[in-house]
Amino acid sequence: MKSIKCILLVDDDATTNFLNEELISDLGIAEEVHIALNGQEALDYLNRKGKFKTSSKNKYPRPNLIFLDINMPLMGGFEFLENYDKLPEERKAEVVIIFLTTSDSHKDKLKQINNDIVRDFIEKPLKKEELLKIMNEYYRK
């Protein structure tokens with residue numbers, strides 16, 4: 001299977017991030033995995049601000065895939081998407097965003113379905129079958 005350059009995990013739960021990062025590593029599907037603990041950190045990552053400030057594009061590459069939690073402190077998933085939509089196109093180009101959450105609220109699912117930025121909605125933590133399905137669907141090239 002083809003590997004991608006970078007996955008960004010956006011979640012405030014350390015255990016979930018650890019499990020997801022381990023699975024991604026075990027499957028060898030990404031050269032790099034970076035973590036943002038909330039939507040604001042994810043925006044900072046994409047804009048190379050705050051703790052992600054650097055002049056090197058190689059240190060924090062644009063992610064190919066973002067796994068985004070919905071409920072986080074400071075800035076949740078939906079607020080992140082509102083701000084993400086305003087980013088310059090070159091920062092968003094070819095980025096696939098997947099909601100990864102424990103929320104089973106119909107309201108949350110409805111918001112996802114009506115949002116053309118988010119490609120899918122899956123329960124966390126990531127499972128091997130779901131991750132392979134995502135990779136096959138979006139990165140088969």
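Points worth noting:
- Neighbours of residue 5, meaning other residues whose beta-carbon lies under 10 angstrom from its beta-carbon, give a summed charge of -1 when Lys and Arg score +1 and Asp and Glu score -1.
- Least to most buried among 25, 3, 56 (fewest other Cβ within 10 Å first): 56, 25, 3
- Structural descriptor for the chain: relative contact order 25 percent, calculated from alpha carbon pairs under 8 angstrom and at least 6 residues apart.
- For the stretch 32-77, the list of trypsin sites (Lys or Arg not before Pro) that fall in a loop by DSSP and count at most 12 other C-beta atoms within 10 angstrom reads 53, 57, 59.
- Gyration tensor (alpha-carbon) shape descriptor, the stretch 29-71, a/c threshold 1.5: oblate
- Cα centroid of the stretch 116-141 to Cα centroid of the stretch 1-56, whole Å: 15 Å
- Whole-percent P(r), the chain, all Cα pairs, 5 Å bins from 0: 2, 10, 21, 25, 22, 15, 5, 1, 0.
- Rg [Å, one decimal], Dmax [Å, integer] - the stretch 1-55, C-alpha atoms: 11.9, 34
- Pairs from 2/53; 2/128; 2/133; 5/124; 92/127; 5/57 whose Cα-Cα separation, in the structure shown, is over 20 Å: 2/53; 5/124; 92/127
- Overall form of the stretch 15-90 per C-alpha gyration tensor (a/c, 1.5; a/b vs b/c): oblate
- Remark on residue 38: its backbone amide H falls under 5 Å from those of 11, a criterion applied only to residues 5 or more positions apart or on other chains, H modelled at 1.01 Å from N.
- Spin-label proximity, residue 128 to the stretch 20-36 - amide N less than 17 Å from point 7 Å beyond Cα toward beta carbon: 20-30
- Mean residue ellipticity (222 nm) of the chain, computed from DSSP H runs ≥ 4 via -39,500 (n - 2.57), nearest 500: -11000 deg cm²/dmol
- Of 22, 129, 41, the residue with the greatest mean-square motion in the GNM of the chain, using alpha carbon springs below 10 Å, is 129.
Each value in this text was obtained by applying a stated rule to the coordinates, not by laboratory testing. Worth saying up front: this structure is predicted, and the values here are computed from it rather than measured. Neighbour counts are summed over all protein chains in view; Cβ atoms, including those assigned to glycine, are modelled from backbone coordinates with ideal geometry.
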